[in-house]
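Here is the structure we will look at, set down as structure tokens.
The values are calculated or read from the model by the stated rules, or taken from the named source; none is laboratory data. Everything numeric here is computed off the predicted structure, so don't read it as measured data. Cβ sites come from the backbone with ideal geometry, for glycine too, and all protein chains shown count toward neighbours.
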Amino acid sequence: MSIESFLMSALLLLFVTSLSVSFFKKIGLGSVLGLLIAGIIIGPNTPGPMMTNEVETLMHFTELGVVLFLFVIGLEMRPKKLWAMRREVFGFGSLQIILCGGALALYAMTFASSWKSAVLIGLTLSLSSTAFVLQILQERAEMTMPYGKASFAVLLMQDLAVVPLLALVPLLSQSGTLTKNHSFLEQLMIIFAMLGGVFVLGRYILPFVLDRLVKELNKEGFFLSVMLAVVFSAWAMEYVGLSMALGAFMMGMLLSTSVYSYQIQAYIEPFKGVLMSLFFVSVGMSIDIATIAKDAHIFAIHVGAIVLIKATVIFFLALIFKFTKDVAVKIAFFLSQSGEFGFVIFGAAKSLGVISSYTFVIGIGIISFTMLLTPLLTKIGDFISQKYVKEEDKDDDNAPSRKEDISHVVVAGYGRVGYMISLMLEKTGIPFIVFDQSIKRVRFGRENNHNIFFGHADDIKFLESLHITGALLVVVTVGEEKISRKIVSAIKTNYPSVKVVVRAKDIDDADSIISMGANWAVPEVAEGSIFFGKGVLREMGVSEDSIKILTEELRAGDYQMLRGKN
């Protein structure tokens, strides 16, 4: 591809996606549907301008976006939190695959060539789209809601189920094996070896490397080392037949307790966003409109039946697991589509003759089209669930809130002032997050059991990862005037409603910082002088009432009496 044709493709992609995403977000259907529609418009299966006909190659490349997305999810999923979800993952998740797979297999018997292909079709279509569901949940800030957590648990179990499903393909075939010539025991040993390698890399090697790079102020090396670890974990799981996304999730979870977790997320977010958008576009490009149109009524029946069967089974299963009806409805509609891993399983089944070429094309079309319907299905789920909402459910004190609703204080800097502020917040029971650019101070904070992380304060993506929109207050205690100004500028430019209090050197510095948007600035020199003067007056026997009146006069009018004095 020449540079000119590449630029033309890029222009076409950006033009169509910007218009499509803007339109669908404006009408309340979200960016994902806009990206899918854009993919259909510029894909090779529709008339008009075409970006590329190498759709499969593009999809393989953009799957790295799904990998990075699951890595970020892993960063936010502490091991304790995952263990607390074991009932939903292994109970709810396993039964969802078995029951949905069984029900869909019975439906597939009405058109499949054999019971073997019907079983494979049913189990494959029982999987849901990790990329679509988690993207919509994150876009709507609902990952911590009951239906968000339950949906994530089921999706995680589905990723774990990929290995046995792929292993099932050659067993249903008459033409031999699908993968490497290893015995079952050898394959099992390779799996455990790769899992161990990922664990050692994420738990010991990478943190050691990052420590050295931070001390050397090597941001580029830091980012590239993280990317290397993520790609390695994805490759390792892919090599042994597991999901790439599962490998990335494991690496993220191993780093979730690291002092670098927020800064890592800040570095990864921009690349994840671009690649995820391209992934959704590539899915839209893969929808074969012409083939679907030939048997449009049959295809529509299949899509409707599959979505209805999955939603019904998941709804009643969620009720069995004691979810309320409104939550059960949302879970059912969130997971009623089919998933991207079905592309891989159907491809393997076609190569071994388990399914025909026609079944493969229709199956891929069904998966892609149900993905396309996901934003609409979630809206339907929202509408239906409202009929089941009761006042007692709304007032349930145990219901988790969204991250953005959690009120906390963000403290920038962990020097002597930041340390003192943290102690005071801790003693009064106010939740807080501290960050600092010195790994030495971060380690000291961890030794004091403070919720402290390494991070660059003027990095807007880092501030986003701290969920700063939900902060009651941001306290900037950094001593360097230049860095303080950068922090205030970054916060007030992007989050003007967030209240910011800043430590300033003197009155002039405080005035300058307030003019940049800070709500309040405390001049250290002035306050230190006032504190020292109070001590002098006490030694001279002046009453506390008189001292209080004098200090109030000195502070009046933003230290008006002290202005212009050196």
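Could you look through the range 46-75, keep only residues that are crowded, with 19+ Cβ neighbours inside 10 Å and not hydrophobic (A, V, I, L, M, F, W, C), and pick out the one that is nearest to LEU278 (Cα to Cα)?
It comes out as THR62.
Taking only pairs six or more apart or across chains, which ones have beta-carbon atoms under 6 Å, a first residue in the range 310-339 that is closer than 16 Å to LEU99 by Cα, and a second residue that is of a type in the set (D, E, K, R)?
Pairs found: SER336/LYS310.
Looking only at residues in the range 284-336 that are among the β-branched types (Val, Ile, Thr) and not in a helix (DSSP H, G or I), which one is farthest from PHE152 (Cα to Cα)?
Here is the first cut: in the range 284-336, the residues among the β-branched types (Val, Ile, Thr) are 287, 289, 291-292, 298, 301, 303, 306-307, 309, 312-314, 320, 324, 327, 329, 331.
Cutting the leftovers down to not in a helix (DSSP H, G or I) gives us 287, 324.
Working: ILE287: 26, THR324: 17 Å.
For the range 284-336, the residue satisfying everything is ILE287.
For the range 189-197, state whether one or more residues are of a type outside the set (A, V, I, L, M) and in contact (Cβ under 8 Å) with a residue 12 or more places away in the chain.
Start the filter on the range 189-197 by keeping residues that are of a type outside the set (A, V, I, L, M), which leaves 192, 196-197.
Cutting the leftovers down to in contact (Cβ under 8 Å) with a residue 12 or more places away in the chain gives us 197.
Checking the range 189-197: at least one residue is of a type outside the set (A, V, I, L, M) and in contact (Cβ under 8 Å) with a residue 12 or more places away in the chain.
Out of the residues in the range 242-275 that are crowded, with 18+ Cβ neighbours inside 10 Å and assigned to a loop (DSSP other than H, G, I, E, B), state the one that is farthest from the chain's Cα centre (by Cα).
This residue is LEU242.
Take the range 115-172 and flag every residue that is more than 21 Å from ILE98 (Cβ to Cβ), polar (S, T, N, Q) and part of a loop (DSSP other than H, G, I, E, B).
Once the filter is applied, which keeps residues that are more than 21 Å from ILE98 (Cβ to Cβ), polar (S, T, N, Q) and part of a loop (DSSP other than H, G, I, E, B), the range 115-172 yields only THR144.
Confirm whether VAL344 is under 17 Å from GLN386 (Cα atoms) and either at pLDDT 90 or above or under 24 Å from the mean Cα position of the chain (by Cα) (or both). First the steps, then the outcome.
Working: under 17 Å from GLN386 (Cα atoms): no; either at pLDDT 90 or above or under 24 Å from the mean Cα position of the chain (by Cα) (or both): yes.
Spelling it out, it is not the case that VAL344 is under 17 Å from GLN386 (Cα atoms) and either at pLDDT 90 or above or under 24 Å from the mean Cα position of the chain (by Cα) (or both).
Has the range 32-41 got at least one residue that is of a type in the set (Val, Ile, Thr), more than 17 Å from MET276 (Cα to Cα), crowded, with 18+ Cβ neighbours inside 10 Å and not assigned by TED's automatic domain parsing to the domain that holds GLU340?
Applying the first criterion (of a type in the set (Val, Ile, Thr)) to the range 32-41 yields 32, 37, 40-41.
Subset that is more than 17 Å from MET276 (Cα to Cα): 41.
If we keep only those that are crowded, with 18+ Cβ neighbours inside 10 Å too, we end up with 41.
Of the ones still in play, those that are also not assigned by TED's automatic domain parsing to the domain that holds GLU340 are 41.
Yes: one or more hits.
Considering the range 35-57 alone, what residues qualify as being of a type outside the set (A, V, I, L, M) and more than 12 Å from LEU13 (Cα to Cα)?
Answer for the range 35-57, where residues must be of a type outside the set (A, V, I, L, M) and more than 12 Å from LEU13 (Cα to Cα): PRO44, ASN45, THR46, PRO47, GLY48, ASN53, GLU54, GLU56, THR57.
From the list GLY347, GLY342, GLY304, GLY363, exactly one residue is without any contact (Cβ under 8 Å) to a residue 40 or more places away in the chain, closer than 17 Å to CYS100 by Cα and either small (Gly, Ala, Ser) or not assigned by TED's automatic domain parsing to the domain that holds SER94 (or both). Which is it? First the steps, then the outcome.
On the way: GLY347 fails: closer than 17 Å to CYS100 by Cα; GLY342 fails: without any contact (Cβ under 8 Å) to a residue 40 or more places away in the chain; GLY363 fails: without any contact (Cβ under 8 Å) to a residue 40 or more places away in the chain.
The conditions single out GLY304.
Among the residues in the range 120-128, are any assigned by TED's automatic domain parsing to the domain that holds SER22 and under 19 Å from the mean Cα position of the chain (by Cα)? Can you show your working first?
First, pick out the residues of the range 120-128 that are assigned by TED's automatic domain parsing to the domain that holds SER22: none.
So far as the range 120-128 goes, no, none of its residues is assigned by TED's automatic domain parsing to the domain that holds SER22 and under 19 Å from the mean Cα position of the chain (by Cα).
With (1) in a loop (DSSP other than H, G, I, E, B); (2) farther than 24 Å from GLU139 by Cα as the list, and PHE531 as the residue in question, which single condition is left unmet?
(1)
Could you tell me which numbered condition LYS461 fails, if it satisfies all but one of (1) under 13 Å from GLY413 (Cα atoms); (2) out of contact with any strand residue (DSSP E or B) (no Cβ under 9 Å at 6 or more places or on another chain)?
(1)
Modelled with pLDDT of 85 or more, under 22 Å from TRP520 (Cβ atoms) and either of a type outside the set (Val, Ile, Thr) or assigned to a loop (DSSP other than H, G, I, E, B) (or both) - does that describe any residue in the range 444-452?
no
Answer yes if at least one residue in the range 512-528 is surrounded by 17 or more Cβ atoms within 10 Å (Cβ to Cβ), part of a strand (DSSP E or B), in contact with a strand residue (DSSP E or B) (Cβ under 6 Å, 6 or more places away or on another chain) and assigned by TED's automatic domain parsing to the domain that holds ARG441, and no otherwise.
yes
When both residues are 6+ apart or on different chains and their Cβ atoms are under 6 Å apart, which pairs have a first residue that lies in the range 198-214 and is assigned by TED's automatic domain parsing to the domain that holds MET227, and a second that is among the polar types (S, T, N, Q) and part of a helix (DSSP H, G or I)?
Correct list of pairs: VAL198/SER233; VAL209/SER225.
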